[in-house]
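Q: Quick one: structure below, then a few questions.
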Amino acid sequence: MFTFLILVIFGALWWAILWFGISPDFSKWPNPVLLAMHVLPPVIATLTWWIGGMLIKRHKERQADEHKKKAEAEQQAALEEARNKHEQELRQQRFACDCRLVVIADLALHEQCDLPEDESDCIRTVPAKEKTFDFEQANVLNALEPAIRWALRKVYREFGAAAAFPIYIVPPSNVAAIDVHHRLRTIHSQLVKELALPLKLKDGMPSILHLPFGDSAANRVIGLFDSTPDLPGAIVLAFDSPLSQVPKADPFDDERPSSDTSTIKPGHGVFALLVTHPELPIMVESVADYFDEDKPESMIPFWEKAARPEGNLALLTLAPPALREALLYSPPVARIHRAAFAHTGERPGHVLELENALIPLLKQAQIQAGLREAPFVCDNDAKPQAAEPVPAQAAPRCEWLVHNAGDLEQAASRMAAIANALMHFQIELKPLAKGTSVVRQLGDLGHATPIGMLAIALAQARATAAPVLCTQFTEPDGLAVAFAMPTPTV
């Protein structure tokens, strides 16, 4: 109809021009010419307008299609970039290190503690009331040295190559670092000779370093491999003994003055973790044919010099192939995953506030431990279809809880918040029945508390063959949540 209207308009204009503008002598024209003269020009004009409109429309459609395809290509590229970034961040979040051995030595117990039975006898405890010290001439190192020696002997006897790995220490705060380093080097050299380990150690080995500070024990340990990607393994050694600094009668005196509101008893213990890089098998394979023999530099061919491992990877070459391979024969005790940390703004007695802060941390810890899938949502201008729904997931298992919720006054609200958060994720765990309260059962372990909690969680993960939740409260309102995962069975 619109085209017919255009035809009528063109015809009226043409006839007006023809009749009143040109005004030819129509009597001289034959009828066919006269008819053609009146009809053809408007028809030709209308067809020209129609064809031109179609061409313009098709041109616009082609441009629109090209813009649409270009926008879709850009959106797809952005989506792929976002997906790759998401997967890279997820791999980084789920980066974990293996714990090959957990040794808990001379741990003083104030209450019955359900620590797992260990076939290799790597966990030794003693009732706190039976732990005695010579207070007249004792210092913290003297009180802890026998347990430190026993723990390191266990590690070196089980894995001789570990004697070449650096030792990252978490010592008591009131002991000079130079004294700790001197004592540990003496113990190390004595154990290497005692166990007749065939190592090619050089001067200044092993390196004795302080474990970097961090928001949680799990993140501090994993941070070693984040900052040093070529580090094959390390020994984390934490020890402290507030119990050795208090006269025997004081920590158990029921007639303590009422002005002393502290109910946390002093503790004592040594914790040693042999941790290795998750790609240790590849590292061992890369140095499989190399052993750092005592040869003069002039006697070493140039091609062997060029093939020598460099950096921290060279630590593996200090042990013979048999000791290196022994690291791989035994499966790891458990796996350490990153912790989720936040400042909760916790106020005593506010269970709901603490629960609301704990739920997202627990969710993030599950994602980092691989217990929950992380949804991919594109955060750019992509359409909502870039968000992929997460399939329904079964409630994850968790068979044990390790926590330092505090004394009775603090623990009531904190344990209620933990129980509610677990229930939110349908995790069937009764914290009071299947849990280790470090503060109540082990007392104040000083600077060794975070690593001690992690060591107990790893031991429980191996014993239960299930994830173990480690919840660490730090002053004034910090909260770290991490999972210790059992080694997958083949």
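Bear in mind that the values in this text are calculations on the coordinates, not laboratory data. This one's a predicted model, so the numbers in the text were calculated from it and none came from an experiment. Neighbour counts run over all protein chains shown; Cβ positions are idealised from the backbone, glycine included.
Q: Could I have the simple spin-label model distance between HIS38 and HIS182, label points 7 Å from Cα toward Cβ, reported in nm to one decimal?
A: Once both label points are built, they end up 12.6 nm from each other.
Q: In addition: Step through the table entries LYS60/LYS85; LYS70/LYS363; LYS129/LYS154; LYS85/LYS363; LYS131/LYS154, compare each Cα-Cα distance with 28 Å, and write down the pairs that go over it.
A: Details: LYS60/LYS85 37 Å; LYS70/LYS363 38 Å; LYS129/LYS154 26 Å; LYS85/LYS363 20 Å; LYS131/LYS154 22 Å.
Distance filter (> 28 Å) returns LYS60/LYS85; LYS70/LYS363.
Q: Also, quick follow-up: Students often get this wrong, so try it: which of [x] 20; [y] 39; [z] 26 is percent of Cα pairs over 42 Å apart as calculated from the structure shown?
A: It is the one labelled [y].
Q: Along the Cα→Cβ direction, 7 angstrom out, place labels at GLU194 and GLU353. What is the inter-label distance in nm?
A: The two pseudo-label positions are separated by 5.2 nm.
Q: Which is the longest stretch in the chain that no exposed loop site breaks, taking sites as chymotrypsin sites (Phe, Trp or Tyr not before Pro) with a DSSP loop state and at most 13 other Cβ atoms within 10 Å? Before the final figure, lay out the partial values.
A: Values: sites that count: PHE135, PHE213.
That would be 214-490.
Q: Okay, moving on. For n ≥ 4 DSSP H runs only, could you compute -39500 (n - 2.57) per run for the chain, divide by its residues and tell me the 222 nm figure to the nearest 500?
A: Values: 11 runs with 199 residues, N = 490.
Calculated mean residue ellipticity at 222 nm is -14000 deg cm²/dmol.
Q: Post the alpha-carbon centroid distance, the range 455-490 to the range 4-78, in whole angstrom.
A: After rounding, the separation between the Cα centres reads 79 Å.
Q: I would also like to ask the following. Be a star and scan the range 262-276 for residues whose amide nitrogen sits under 13 Å from the point 7 Å along the Cα-to-Cβ vector of VAL126.
A: 268-270
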